[in-house]
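Data block below; observations after.
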Amino acid sequence: MAMAAVVAAGLTRWGVRKATWKELVQEAGKALFDSVENLDRKDVDALFVGAADPERFVFQAHTAPMVAEQLGLSPRTIMRTEMACASGQMAIKAAAAHVAAGVSEVALVMGVEKMNAAPMAESQTSMACVLDREWDGVQGGSAPPFFAMVAQRHMHEYGTTREQMAMVSQKNHHFSTTNPYAHFQKEFSIERILGSLVVAPPLTLLDCSGITDGAAAVLVTSPERARDFTDQAAYIKGFGQGVQGNNVTNLGDITKWPPLTMAAEEAYRTARIGPEDLDFAELHDCFTISEIIEYEAIGLCPRGEGGKYIEEGQSDMGGKVPCNTRGGLLGTGHPLGATGVGQAVEVLWQFQSKVPEERNVTGAEVALCHNLSGAANAHHITIYGRDA
Amino acid sequence: MVEKDCVPFILDFLPQEGPDDTRIHRFYDHLREGRLTTTRCSSCGEILWQPRVVCPHCNADTMEWIDLPKEGTIYAHTAMVLGAPLGFENDLPFVIAIVRLDMGDHGHMLLFTRVDDAKYEDLAIGDKLWFKTYDCGDGRVFFRFTATAPD
Ligand SMILES: [Zn+2]
């Protein structure tokens, strides 16, 4: 039934790291290989590298062969996937498709981004070029102003409050204090979040995910081979993507994200589940308002009630669907290419009960991972199951 | 080609605007004439934003230029306060908006734009804004909107 399985994982500490991107790759690779007894690196026949923008962040192209070099791999299938903030999840999808097609038996996925290398204005420029440079970038646009306008409209149309947005940040920063790999290790009060520096009104610094260095690796193989490596895999049950161009104004109504609903419907259809079957979810909380709209667009709550959903604690432990138990992008940071892979690591470790008890969703059967890219007009979902 | 001394070519968000650079150079010529324009497909009649050379709906490659409304209303707005890209740091803080243009029989259109002559807190959803041609100071132009009504 499942098309592929995630069977092993490795993470680096995420943060402002005193290490190059290649050293982060080595750390994540070591952590993965150290965690699997029955894995010979000669058995890895495919390598998929998720990296969003190494050409700009560290002035390096052709990164996939360099990852092979760092890890001592001689893959017969090798490529890098780029989908901005969703590059890591795309690497997992590429790996799973190759495994399902019989092109690869054992594939390694490496997500990595080194964002703290250049001066900050250059890093901001590197991120802004995700937008359409000639029409949106030229106006001085980048992610924070776009999501600020999304927040303003959501408040305007549905009465969503700044306090509700701050609750997303508070929850995810709380979760990240349970995650030793996370960039941010501190709790923040609602007052502190609301009172932090204004980045783009109404959003403050603690509404925004961090600029982070990090790497994450997973091993992907067939459901048949999974047992060779682990007693408990995370089985890939379905995928969905939706896209509506790239221009900032393409969504029409920026409070509704139709490509995300399309992605979710496709993912639920291929996995033969519905939103009511989800036990936990990794949602792309690049900004607090994003997570609120994502509750709505993937069907966890009715349109306009995302603020109420967080306020009722439905996305916290003990709620309907705990979201971002590893700390999300807000708490762990957002090394673009590593983020989607880091989410998969959380799913595997949740199923294996390798995460601390206080954030372990015990008995969970089904999980959803979501990333968005660009001005929320491209969305990407993977559904995982405990059983094949 | 236009030389700009503040940032290297590859980090410059402003497009190259001349006939040797782009097939939609008339968009920029029109801005210099005080007109905000885009292309309409001569075959299927769809209004395309941004200007195109091939219609994504019917594959035709014959376009005509049409004028867009010179005033619109704020659909959403914010300001860039922290974290501007290279070349924009000296402008901080600056207002950014999505402007709603009434297109008559064609419904409405949204434009992403810089807004001059107002602070973030002076503006609200629904306020009127007016198109203006912005002189980039290096021979290039772009469009912006202003909160000040024209005379
Ligand atoms: Zn046409």
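The values are calculated or read from the model by the stated rules, or taken from the named source; none is laboratory data. Note that the structure is predicted; figures quoted are calculated from it, not measured. Neighbour counts run over all protein chains shown; Cβ positions are idealised from the backbone, glycine included.
Do you know which of the residues in the stretch B:31-42 that are part of a loop (DSSP other than H, G, I, E, B) and not small (Gly, Ala, Ser) is nearest to A:LEU206 (Cα to Cα)? Walk me through how you get there before you give the answer.
Here is the first cut: in the stretch B:31-42, the ones part of a loop (DSSP other than H, G, I, E, B) are B:33-36, B:42.
Adding the requirement that they be not small (Gly, Ala, Ser) leaves B:33, B:35-36.
Working: B:GLU33: 44, B:ARG35: 41, B:LEU36: 38 Å.
Only one residue fits best here, namely B:LEU36.
Looking at the stretch A:221-232, I want the residues that are more than 17 Å from A:ALA46 (Cα to Cα) and have a partner that is in a helix (DSSP H, G or I) with Cβ atoms under 7 Å, at least 6 apart or on another chain. Which pairs are those?
Here the result reads A:GLN232/A:PHE351, each pair linking the stretch A:221-232 to a residue that is in a helix (DSSP H, G or I).
So A:ALA388 clears everything in (1) among the hydrophobic types (A, V, I, L, M, F, W, C); (2) in contact with a strand residue (DSSP E or B) (Cβ under 9 Å, 6 or more places away or on another chain); (3) modelled with pLDDT of 95 or more except one condition, right? Which one?
Looking at each condition in turn, A:ALA388 falls short on (3).
Give the stretch A:199-258 a look and list any residue that's hydrophobic (A, V, I, L, M, F, W, C), away from chain B (no Cβ under 14 Å) and in a strand (DSSP E or B), or say none.
Initial filter on the stretch A:199-258 (hydrophobic (A, V, I, L, M, F, W, C)): A:199-200, A:203, A:205-206, A:208, A:211, A:215-220, A:226, A:229, A:233-234, A:236, A:239, A:243, A:248, A:251, A:254, A:257.
If we keep only those that are away from chain B (no Cβ under 14 Å) too, we end up with A:215-220, A:226, A:229, A:233-234, A:236, A:239, A:257.
Correct list: A:ALA215, A:ALA216, A:ALA217, A:VAL218, A:LEU219, A:VAL220, A:ALA234, A:ILE236, A:PHE239.
Among the residues of the stretch A:326-339, is there at least one that is more than 21 Å from A:VAL16 (Cα to Cα) and surrounded by 24 or more Cβ atoms within 10 Å (Cβ to Cβ)?
Taking the stretch A:326-339 and keeping what is more than 21 Å from A:VAL16 (Cα to Cα), we get none.
Checked the stretch A:326-339: no residue is more than 21 Å from A:VAL16 (Cα to Cα) and surrounded by 24 or more Cβ atoms within 10 Å (Cβ to Cβ).
When the residues of the stretch B:21-42 are narrowed to those that are β-branched (Val, Ile, Thr) and away from the ligand (no atom under 15 Å from the Cβ), which ends up farthest from A:HIS154 (Cα to Cα)?
If we filter the stretch B:21-42 for residues that are β-branched (Val, Ile, Thr), which is where we start, we get B:22, B:24, B:37-39.
From what's left, away from the ligand (no atom under 15 Å from the Cβ): B:22, B:24, B:37.
Numbers: B:THR22: 38, B:ILE24: 35, B:THR37: 30 Å.
The selected residue is B:THR22.
Identify the single condition in (1) surrounded by fewer than 20 Cβ atoms within 10 Å (Cβ to Cβ); (2) in a strand (DSSP E or B); (3) in the same structural domain as B:ASP138 (by TED's automatic domain parsing) that B:THR78 does not satisfy, given that it satisfies every other one.
(1)
Take the stretch A:123-157 and flag every residue that is in contact with a Lys or Arg (Cβ under 8 Å, 6 or more places away or on another chain) and either at positive phi or at the interface with another protein chain (Cβ under 7 Å from one of its Cβ atoms) (or both).
Correct list: A:THR125, A:GLN139, A:GLY140.
Search the stretch B:43-92 for residues being within 14 Å of another protein chain (Cβ to nearest Cβ), within 20 Å of the chain's Cα centre (by Cα) and farther than 30 Å from A:LEU203 by Cβ, and hand back the single one that is farthest from the ligand (Cβ to nearest atom).
Selected residue: B:PRO51.
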